[in-house]
């Protein structure tokens, strides 16, 4: 089950030159006593804490940020591709490497394997696309809950660990603010079950290919 975390370090808005301050000033003001730990993590990630930036109050940007907080087309395609876990034009070498097989495959064998997996892959893509649609909706529902972190510049180093145990999380930036939202198993059981169904279908497809390879 893919669950990549999407981290986006920000190019902070410089709208108001008079209000520009070093990023470290905004962050220290926001994090208070937790700033030393946050700073260590940001420095480890090579975040430029000396960049001058202007950050509006959270209340001014939250509504618009939430409207924009959706999976991008690229992120959606990436997840669907990961669910399918296949290549557009499999070769004998690709198949042997994927399935760790020492069997020799000719073009006819590759074509036979494709005939096995094409209908299964079509179902995997359909289920993956539906999963991504529901995932995006779930991220919207989780906005403003205990499974969301927002902070100036970056959420890296956030000290409370509230996203630990999430099966998926996504982070984005807007107007100098960073938001990361996580999804938990007990809060989104339908997504967990759909992910399990996709994994099971992957296993059925791969087992069918392995069974075919045993006959070669």
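For the reader, a short list of remarks on this structure follows.
- Checking the stated criteria, residue 65 turns out not to satisfy the condition of being surrounded by 14 or more Cβ atoms within 10 Å (Cβ to Cβ), modelled with pLDDT under 95 and closer than 30 Å to residue 194 by Cα.
- Evaluation of residue 12 against (1) in contact with a strand residue (DSSP E or B) (Cβ under 9 Å, 6 or more places away or on another chain); (2) at pLDDT 95 or above (one fails), failing number: (2)
- Condition broken by residue 59, with the remaining ones in (1) over 23 Å from residue 216 (Cα atoms); (2) free of Cβ contacts under 8 Å to residues at least 60 places away in the same chain; (3) within 22 Å of the chain's Cα centre (by Cα) satisfied: (3)
- Considering residues of the range 33-48 that are buried (at least 16 other Cβ atoms within 10 Å of the Cβ) and farther than 30 Å from residue 138 by Cα only, the residue nearest to the chain's Cα centre (by Cα): 39
- Helices (runs of 4 or more DSSP H) contained in the range 13-117 and holding at least 3 residues farther than 30 Å from residue 212 by Cα: 23-31, 35-44, 58-68, 73-84
This table checks each residue for (1) touching a residue at least 60 places away in the same chain (Cβ under 8 Å); (2) touching a helix residue (DSSP H, G or I) at 6+ places or on another chain (Cβ under 6 Å); (3) part of a strand (DSSP E or B); (4) more than 22 Å from residue 32 (Cα to Cα).
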position: 160; (1), (2), (3), (4): no, no, no, no
position: 165; (1), (2), (3), (4): no, no, no, yes
position: 192; (1), (2), (3), (4): no, no, no, yes
position: 199; (1), (2), (3), (4): yes, no, no, yes
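- The numbered conditions (1) buried (at least 18 other Cβ atoms within 10 Å of the Cβ); (2) at pLDDT 95 or above; (3) part of a loop (DSSP other than H, G, I, E, B) are all true for residue 173 except (3).
- On inspection, residue 120 passes the criterion of being surrounded by 14 or more Cβ atoms within 10 Å (Cβ to Cβ) and more than 22 Å from the chain's Cα centre (by Cα).
- Test set (1) within 18 Å of the chain's Cα centre (by Cα); (2) free of Cβ contacts under 8 Å to residues at least 40 places away in the same chain; (3) part of a loop (DSSP other than H, G, I, E, B) - residue 186 fails condition number: (1)
- Residues that are under 15 Å from residue 109 (Cα atoms) and assigned to a helix (DSSP H, G or I) were ranked within the range 207-216; the one that is farthest from the chain's Cα centre (by Cα) is 214.
- A residue that is assigned to a loop (DSSP other than H, G, I, E, B), within 19 Å of the chain's Cα centre (by Cα) and at negative phi cannot be found anywhere in the range 124-134.
The values are calculated or read from the model by the stated rules, or taken from the named source; none is laboratory data. Just so you know, these numbers come straight off a predicted model, no measurement behind them. Neighbour counts run over all protein chains shown; Cβ positions are idealised from the backbone, glycine included.
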